[in-house]
Amino acid sequence: MGDSQTRVRFGEYTITRDLPDSPIARRVVAMEPDGRHAKVLHLFPIRPEDPQVAVLRRAIDNLRTIDNKHVLSVERLLLGIVHQPCAVVPYTGHQDGLIDLEMLLAEKGGQMEPGETDRLLRQVFDGLQAAHSVLLHHGPVSARDVLVDRRGTAMIEMLGVARSLEGLRGFSTEVQRDEVRSIVELGFTCLTGHDATTVGLPASKLVRRLDPAWDEFFDRGLDPIDGFDTAEQAMDALPSSGFDREPTSQKTGRTGLLTNLRRTSIDRS
């Protein structure tokens, strides 16, 4: 996933390899000066004199007001180094690189088990609810926006930063509902392997022996008019009660991310 490269310095950090770019920045793995802790540097293609630098600073400052383990934290914003602003975040991957939900789904054959999908949605909704509580938007949440760490914890990466750089500001209930619906759509894809906007079938017709509660959840959550108003409403509607017991295979898989991606499970917390 990441390519080795000649080690170069970026300020006090030593870059060790490239990662796939995010939608808004170049990403690299770098070591702290003590050589013991890896970080991810997000290098934004913005020149120092560009007014977008101030916009980025405000977006990062806003992001740092969110204290939630399902929102990836930004530890520092470096300005004036090698003519690129740089956000420093924890390294959440394993020896081969970062894992986002799109990659995880591909490794799992395009689908997750119902219990794992339930836990994923609960985590992402929880992160979005934390953002909404401080009146921040991210915009529609895609599989590439969600990282999964080595313990199986899902988190939204660079929450709201792209939206700010696009010049979108303010908070509205309409955008809030759209964001919640985007996560419901993401859950439909994770559970069924199909796009909810094009398949035209209920989840129970695509997944054998599926709890009918999932159809009720998607019927409401995908409705653009009568859908969920808040992430909290969506969390309350999840069919979690049917998954009190986690299969043994998923329990062992949760610790296997470092050695075998196909055994990765979304953590219950």
Unmet criterion (only one of (1) touching an Asp or Glu at 6+ places or on another chain (Cβ under 6 Å); (2) assigned to a strand (DSSP E or B); (3) open to solvent by 80 Å² or more (accessible area, probe 1.4 Å)) for V28: (3)
Residue in the range 174-184 that is small (G, A, S) and within 13 Å of the chain's Cα centre (by Cα) present: yes
Selected residue (criterion: nearest to the chain's Cα centre (by Cα)) from residues of the range 224-250 that are modelled with pLDDT of 95 or more and open to solvent by less than 50 Å² (accessible area, probe 1.4 Å): A231
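Going by the structure shown, is G221 at pLDDT 50 or above, in contact with a Phe, Trp or Tyr (Cβ under 6 Å, 6 or more places away or on another chain) and surrounded by 12 or more Cβ atoms within 10 Å (Cβ to Cβ)?
Working: at pLDDT 50 or above: yes; in contact with a Phe, Trp or Tyr (Cβ under 6 Å, 6 or more places away or on another chain): yes; surrounded by 12 or more Cβ atoms within 10 Å (Cβ to Cβ): yes.
Considered against the rule, which asks whether it is at pLDDT 50 or above, in contact with a Phe, Trp or Tyr (Cβ under 6 Å, 6 or more places away or on another chain) and surrounded by 12 or more Cβ atoms within 10 Å (Cβ to Cβ), G221 comes out as yes.
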Selection within the range 58-76 - in a loop (DSSP other than H, G, I, E, B) and either among the charged types (D, E, K, R) or modelled with pLDDT under 95 (or both): R64, D67, K69, E75
Residue match in the range 173-196 (condition: more than 19 Å from M112 (Cβ to Cβ), of a type in the set (D, E) and without any contact (Cβ under 8 Å) to a residue 24 or more places away in the chain): yes
Single residue of R163, R122, R169 found to be under 22 Å from I66 (Cα atoms), open to solvent by 10 Å² or more (accessible area, probe 1.4 Å) and modelled with pLDDT under 95: R169
Checklist (1) open to solvent by 40 Å² or more (accessible area, probe 1.4 Å); (2) of a type in the set (S, T, Y); (3) touching a residue at least 24 places away in the same chain (Cβ under 8 Å); (4) closer than 22 Å to D18 by Cα applied to Y91, failing item: (1)
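Results for (1) assigned to a loop (DSSP other than H, G, I, E, B); (2) open to solvent by 40 Å² or more (accessible area, probe 1.4 Å), shown as yes or no for each residue.
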site: I15; (1), (2): no, no
site: S22; (1), (2): yes, no
site: L41; (1), (2): no, no
site: P45; (1), (2): yes, yes
site: D50; (1), (2): yes, yes
site: V53; (1), (2): no, no
site: L56; (1), (2): no, no
site: L78; (1), (2): no, no
site: C86; (1), (2): no, no
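The values are calculated or read from the model by the stated rules, or taken from the named source; none is laboratory data. Computed from a prediction, not measured in an experiment: that's the story for all the values here. Don't worry about glycine lacking a Cβ; one is built from the backbone with ideal geometry, like all the others, and counts go over all protein chains shown. Remember, those area values only see protein heavy atoms, side chains included, never the ligands or the DNA or RNA. Shrake-Rupley method; radii C 1.70, N 1.55, O 1.52, S 1.80 Å.
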